[in-house]
Amino acid sequence: MTGIKISCVCYSGLEGFNHLYQEWFDLATSKATHFLHFPGWYQAGLERLDSSKKVFFVAIYSSAGLVAVLPLELVCQRIRSIEVPLLQLFYPNEMGVNDIFTTIDLNPKLQEITQFLRRELPFFALIKWQCISEDRGAALGMPVRLSHSSKYLDFSAGADEFWGGYSKKFVKGLLKKARKAEQLGNLRLECARDTEALEAAFSIFLGVEDSGWKGEKGTSIIKQPEKLAYYKTLLSEYGKARSCQINVLWVGEQPIAAQFGIVAGDTLHLLKIGFDEQFSDVSPGYLILERLVNHLAGEGSINRISFVTGVGWIDRWKPSGVNIGVFYSDNGSWWSKSIIRLIYSRLVQRFLAKQRR
């Protein structure tokens, strides 16, 4: 694949995005392995911007058609008291992760792509690839500055093997919570993927997420019109790709926990989790996860649940993690390389200072 010839086309702002949308959607529907590979994620972000004129979508083609899309944004970053213009991945989310949708190895093509960007876009001193995985950075030949991890549970070996990795005390604790919940009513999990079922499940999800302190403080999705519109776009876009999944845990006729997720490849990415605090004594967040693992392991098409960056309570489940970091590449000039050396020297100094504390 490294010897293939590529060509690049730059699509600017929302109007350009709309031109690229359909072929990007078609490719993502068949090849996406991450929820950030779908155009719907960026559409939801673009709709929240006052102006999208500094956002660019670089489509990369081979003789076979579209093979990669780079969503980029022109910004300024202060480096040693100097405002430096740079390109960074367009980052319309609060999830703390990013990825690049490509079906080819981009590393051998990075210089060619950078030259195209210098010709077609306003001046930029360097490219910042923020919040991408360590593996993705290595694939692009970039040094690593790690910041956090993206946590996930892997049950590809089956439910029995998965639960065998936990202490008897942990598993018994889950069973005890389930029995306590079942005293209140039949405990059941519902997973919605079809369009009609998704609409109903979304309303239930919003209600569960609004319960408790989030609703009282006005920080729930339904209490924030802009965020509600954002999630409605995600629901619509991922729903038509049959990639949106909403899970609801019921006790009798009462929903006590709900999850908003996106399926890509063999992974269910949980973007939002909510539970009814009236049932906190049975740990509904734990119970819905326990039921979901068993359901998905039995079904077989999904082998991993990602918490994207992760919440503190999931650490008791001993999740695996993908290292996430920030990476930089130059624009091909010697002074751009010098800026990057300066950035990394500062990062090294900060790291050493922390070690001496």
For a label point 7 Å from the Cα of Trp313 along Cα→C-beta, name the residues of the stretch 262-294 whose backbone N is under 12 Å from it. 273-290
At 7 Å along Cα-to-Cβ for each site, give me the label-to-label distance between Lys176 and Glu196 in nm. 4.4
For the residues Lys31, Lys217, what sequence is obtained by ranking on other C-beta atoms within 10 Å, fewest first? Lys217, Lys31
Between the residues Ile79, Val67, Ala197, the Cα farthest towards the positive end of the dipole of the chain, that dipole coming from +1 and -1 charges on the beta-carbon of Lys, Arg, Asp and Glu, is from Ile79
What whole number of Å gives the distance from the Cα centroid of the stretch 92-157 to the Cα centroid of the stretch 295-319? 24
Expected output is a single nm value to one decimal: the length gained when fully extending between Tyr344 and Lys232, i.e. 0.36 nm times separation in residues minus the C-alpha distance. What is it? 36.3 nm
For the pair Arg48 and Leu189, how long in nm is the line joining their label points, each one 7 Å along Cα→Cβ? 2.9
Count the DSSP beta bridges whose two residues both fall in the chain, then state the antiparallel fraction as a percent rounded to the nearest 5. 90
Kindly rank 71-83, 237-249, 107-119 from highest to lowest mean number of other beta carbons found within 10 Å of each residue. 237-249, 107-119, 71-83
Least to most buried among Ser12, Ser336 (fewest other Cβ within 10 Å first): Ser12, Ser336
If you place +1 on the Cβ of every Lys and Arg, -1 on the Cβ of every Asp and Glu, and leave all else neutral, what size is the dipole of the stretch 156-302 about its Cα centre, to the nearest 20 Debye? 420
Given (1) 69, 52, 43; (2) 76, 53, 42; (3) 101, 44, 25, which label gives Cα extents along the principal axes in Å as computed from the coordinates? (1)
Residue span Arg242 to Thr33: 0.36 nm per residue of separation minus Cα-Cα distance leaves a gain in nm of 73.8 nm
Least to most buried among Arg291, Arg341, Arg304 (fewest other Cβ within 10 Å first): Arg341, Arg304, Arg291
Mind putting a number on the dipole of the chain about its Cα centre? Charges go on the C-beta only, +1 for Lys and Arg and -1 for Asp and Glu, and I need it in Debye to the nearest 20. 1660
Quick one: angle between helix 13-31 and the longest Cα principal axis of the chain, in degrees between 0 and 90, rounded to 10, please. 60
Residues in the stretch 37-63, backbone N under 14 Å from the label point at His19 (7 Å along the Cα-to-beta-carbon vector): list them, ranges by number please. 56-60
Would you list which lysines come within 19 Å of Lys272, measuring only between C-alpha atoms, while excluding same-chain residues fewer than 8 positions from it? Lys151, Lys214, Lys217, Lys223, Lys227, Lys232
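Each reported figure results from applying straightforward, stated rules to the coordinates on display, with no laboratory input. All values reported here derive from a predicted model rather than from experimental measurement. All Cβ positions, glycine included, derive from the backbone under ideal geometry; neighbour counts span all protein chains shown.
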